[in-house]
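**Q** Here it is, the structure in full.
The values are calculated or read from the model by the stated rules, or taken from the named source; none is laboratory data. Everything numeric in this text was worked out from a predicted model, so none of it was measured. Cβ sites come from the backbone with ideal geometry, for glycine too, and all protein chains shown count toward neighbours.
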Amino acid sequence: MQLNPMHLSIAKLMQARLFRIPDYQRAYSWQHRQREDLFADIREAQRSGREHFMATVVGLARERRTIGADEFGVVDLVDGQQRVTTLVILLKAIEKALGDGDKAEAKIKGELADLLVKGDEHNLVLLQTNHDSSDVFTTYVRTGVIKRKAVVTAADDNLVEAADECEAFVDQWKATGSLTDLVFTIRHRLSVIYHELADQSTVYRVFEVLNSRGLDVRWLDKTKSQLVASIYEHVDEGSRTEGLHEMQSIWKDVYRDLGLEERVGDEALRFAGTWSRETRPNRILSDEDASIELLRIAGTTLKSIVEAASWLKAVVRKSLELKADQRRAAVTRIAHARFLAIAILLRGFDEKTERDLLSAWERVTFRIFTLAGKDTRTKVGEYVRLGYDVLASKLPPKAVAAALAELGDGYSIDEVIFEDSWDNWYDGWAEEVRYVLFRYEEHLAREAGMQINESQWAKVWAADPARSVEHIMPRSSGKRYVHHLGNLTMLPPKVNSSLKDKPPQDKAARYVECGLQATMAVGRSIQEGQRWNRQAVLDRAAAIEEFVREEWAD
């Protein structure tokens, strides 16, 4: 491996180069903490007057490009893209803040504009980022406009926050110092070790080595780079190009699918690695151990390497499918419960079998972790071993159903519901309240031969559950039963907030108009003269409990 690392200032790094981030790389993920660290580095470099080494940047040289009278090297950023992206945003924020009246500032403003946006017919930007279908990044670099309403993904959101924070940092600097000094500090006091390589196999091995030394890179990204490097190391040149194209396509799909749900990718890696073990596990593997397992099953053939990446992609997609199931949100908060549910989704059962098994999983999980109030330490091994067996041993549906029933031993519906089960159901349980009341809403709609009001429930699902949980007798009343399940119902968020601390009789008319069956029933009963007191709360809780006993029975 022939390396020629260069120690470059930021000015020299960005000189005569155009950077791009391939679609199969992770999207922009830096958040407040990392940006604050960068700002602190800049302040310290300016204060001390000494050079500040930032990190290592690894690039893959692609081509030369002529723009006007200048020639630029086009480089794929393999490592360092988060830092370079943030620096580009910061330079744009400075360009926006520089004035035209002062000749020195006007000159620097023009230099930054020329650096960030090249003067060809395409307005080519210094850095072409990836997964920017909303044009949040390119619009900001070209025009300085922050497209807040265009945010679709987590990367978009991070980019908007980066622009806001960079502009705030520039404003703070301007209040106490010179923007000329700020530009000088960034250009000439910040430096990196830059590896620019022409051989892709060397690029990914360098990335792997550098990021095995404690740098802040997610194991999902490390696993990708190691899989790509394995193709270069073990696959003959004749098959390599096709394999790389397939691998890049897989990872492009993974990062695009993850969108707003980056954490799902981390968990999917742990799940995929756990299912890849040769022996039956008792727990879900750590990120590092999961990555090791995936690389083990990837082996040294093109087929096995691509299959390992495809397997991870499949787990990501099923994880996202479960995450998107708002109806089950209250029973998917336990990691090992999610592991078992995703195993069922991955098996490829026919639609009816999958629905029946997921319903059985949902019933037992709700009884254990909500009705019985058990925490995340409960039945870890049982859930993980069963989730492993569903896939690795390909248990038939009847065996899966029987094993799910065994999970509930000691947690039958009669064993988990007590006289005081519903006493304090609001504090810390808003998600569970919404879950139960939504299912109760479905029940009432079925009994009335109606459909639930999808538009109103869409508003409920879109907000934090606590914003939609309505206390019929308001909390300000000080009644001891105020958090009792029987005193809780659901309203769309804005309706809920508008009623605030009004007494039940003043809210009844609004309840009747809200479009949610259970809440409308409460409103009608109050309008018909029912006093909303402790007995009314207990009676309503009893009706809900009757439904719960039937719906979640073992």
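**Q** Out of all the residues in segment 132-149, is one or more surrounded by fewer than 18 Cβ atoms within 10 Å (Cβ to Cβ), within 20 Å of the chain's Cα centre (by Cα), farther than 23 Å from Leu18 by Cα and not assigned by TED's automatic domain parsing to the domain that holds Glu262?
**A** yes
**Q** Based on this model, can you work out whether Leu444 counts as under 24 Å from Val512 (Cβ atoms) and surrounded by 12 or more Cβ atoms within 10 Å (Cβ to Cβ)?
**A** Working: under 24 Å from Val512 (Cβ atoms): yes; surrounded by 12 or more Cβ atoms within 10 Å (Cβ to Cβ): yes.
So Leu444 passes the test.
**Q** Tally the residues that are in contact with a strand residue (DSSP E or B) (Cβ under 7 Å, 6 or more places away or on another chain) and not aliphatic (A, V, I, L, M), restricting the search to segment 18-43.
**A** 4
**Q** For segment 67-88, name all the residues that are in contact with a Phe, Trp or Tyr (Cβ under 7 Å, 6 or more places away or on another chain) and either modelled with pLDDT of 95 or more or not acidic (Asp, Glu) (or both).
**A** First, pick out the residues of segment 67-88 that are in contact with a Phe, Trp or Tyr (Cβ under 7 Å, 6 or more places away or on another chain): 75, 77-79, 82, 84-86.
Across segment 67-88, the qualifying residues are Val75, Leu77, Val78, Gln82, Val84, Thr85, Thr86.
**Q** Quick check: is even one residue across segment 209-218 at pLDDT below 90 and of a type in the set (S, T, N, Q)? Walk me through how you get there before you give the answer.
**A** Applying the first criterion (at pLDDT below 90) to segment 209-218 yields 209-218.
Narrowing further to those that are of a type in the set (S, T, N, Q): 211-212.
So far as segment 209-218 goes, yes, one or more of its residues are at pLDDT below 90 and of a type in the set (S, T, N, Q).
**Q** If I ask for residues that are in contact (Cβ under 8 Å) with a residue 40 or more places away in the chain and not small (Gly, Ala, Ser), which ones from segment 293-317 would you list?
**A** Leu294, Leu295, Thr300, Thr301, Leu302, Ile305, Val306, Leu312, Lys313, Val315, Val316, Arg317
**Q** Continuing with this model, one more query. Tally the residues that are at pLDDT below 90 and surrounded by fewer than 17 Cβ atoms within 10 Å (Cβ to Cβ), restricting the search to segment 111-123.
**A** From segment 111-123, those at pLDDT below 90 are 118-123; that's our starting set.
Next, from what is left, pick out any that are surrounded by fewer than 17 Cβ atoms within 10 Å (Cβ to Cβ): 119-123.
Here the count works out to 5.
**Q** Next question, about the same structure. Tally the residues that are in contact (Cβ under 8 Å) with a residue 40 or more places away in the chain, small (Gly, Ala, Ser) and crowded, with 16+ Cβ neighbours inside 10 Å, restricting the search to segment 402-431.
**A** The total comes to 2.
**Q** Which residues, taken from segment 248-276, are hydrophobic (A, V, I, L, M, F, W, C) and modelled with pLDDT of 90 or more?
**A** The answer is Ile250, Trp251, Val254, Val264, Ala268, Leu269, Phe271, Ala272, Trp275.
**Q** In this structure, is Arg62 surrounded by 12 or more Cβ atoms within 10 Å (Cβ to Cβ), not β-branched (Val, Ile, Thr) and not in a loop (DSSP other than H, G, I, E, B)? Explain how you work it out, then say what you get.
**A** Numbers: surrounded by 12 or more Cβ atoms within 10 Å (Cβ to Cβ): yes; not β-branched (Val, Ile, Thr): yes; not in a loop (DSSP other than H, G, I, E, B): yes.
Here the answer is yes, as Arg62 does meet what is asked.
**Q** Across segment 11-32, which residue is farthest from the chain's Cα centre (by Cα) among those that are surrounded by fewer than 20 Cβ atoms within 10 Å (Cβ to Cβ) and of a type in the set (S, T, N, Q)?
**A** Top of the filtered list is Gln15.
**Q** Does Glu51 satisfy being among the charged types (D, E, K, R), surrounded by fewer than 16 Cβ atoms within 10 Å (Cβ to Cβ) and over 23 Å from Asn130 (Cα atoms)? Even if it seems obvious, please write down each step before you answer.
**A** Numbers: among the charged types (D, E, K, R): yes; surrounded by fewer than 16 Cβ atoms within 10 Å (Cβ to Cβ): yes; over 23 Å from Asn130 (Cα atoms): yes.
When the stated conditions are applied, Glu51 passes them.
**Q** Being under 20 Å from Val78 (Cα atoms) and without any contact (Cβ under 8 Å) to a residue 24 or more places away in the chain is the filter here; which residues of segment 243-275 pass it?
**A** Result: His245, single match.
**Q** From the residues in segment 245-272 that are in a helix (DSSP H, G or I) and of a type in the set (A, V, I, L, M), which one is surrounded by the fewest Cβ atoms within 10 Å (Cβ to Cβ)? It would help to see each step written out before you state the result.
**A** Quick first cut of segment 245-272, residues in a helix (DSSP H, G or I) only: 245-258, 262-272.
Going one step further and asking which of them are of a type in the set (A, V, I, L, M), we end up with 247, 250, 254, 258, 264, 268-269, 272.
On the way: Met247: 21, Ile250: 19, Val254: 21, Leu258: 25, Val264: 22, Ala268: 26, Leu269: 29, Ala272: 26.
Filtering segment 245-272 for residues that are in a helix (DSSP H, G or I) and of a type in the set (A, V, I, L, M), the one surrounded by the fewest Cβ atoms within 10 Å (Cβ to Cβ) comes out as Ile250.
**Q** Further question on the same structure: Since Glu63 meets every condition but one in (1) touching a residue at least 24 places away in the same chain (Cβ under 8 Å); (2) touching a strand residue (DSSP E or B) at 6+ places or on another chain (Cβ under 6 Å), which condition does it not meet?
**A** Evaluating Glu63 over (1) touching a residue at least 24 places away in the same chain (Cβ under 8 Å); (2) touching a strand residue (DSSP E or B) at 6+ places or on another chain (Cβ under 6 Å) leaves (1) as the failure.
For (1) touching a Leu at 6+ places or on another chain (Cβ under 7 Å); (2) charged (D, E, K, R), each residue gets a yes or a no:
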site	(1), (2)
Ala463	no, no
Ala466	no, no
Met473	no, no
Ser476	no, no
Tyr481	no, no
Gly486	yes, no
Pro492	no, no
Asn496	no, no
Lys502	no, yes
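**Q** Let me ask another. Suppose we keep only residues that are out of contact with any helix residue (DSSP H, G or I) (no Cβ under 6 Å at 6 or more places or on another chain) and within 21 Å of Thr139 (Cα to Cα) within segment 88-110. Which one would you say is surrounded by the fewest Cβ atoms within 10 Å (Cβ to Cβ)?
**A** Result: Gly110.
**Q** When segment 380-392 is examined, which residues are found to be modelled with pLDDT of 95 or more and of a type outside the set (Asp, Glu)?
**A** Across segment 380-392, the qualifying residues are Val380, Gly381, Tyr383, Val384, Arg385, Leu386, Gly387, Tyr388, Val390.
**Q** Given Thr85, Thr153, Thr129, which one is surrounded by 22 or more Cβ atoms within 10 Å (Cβ to Cβ), farther than 17 Å from Asp171 by Cα, touching a His at 6+ places or on another chain (Cβ under 8 Å) and not hydrophobic (A, V, I, L, M, F, W, C)? Steps first, please.
**A** Numbers: Thr85 fails: touching a His at 6+ places or on another chain (Cβ under 8 Å); Thr129 fails: touching a His at 6+ places or on another chain (Cβ under 8 Å).
Checking each option against the conditions leaves just Thr153.
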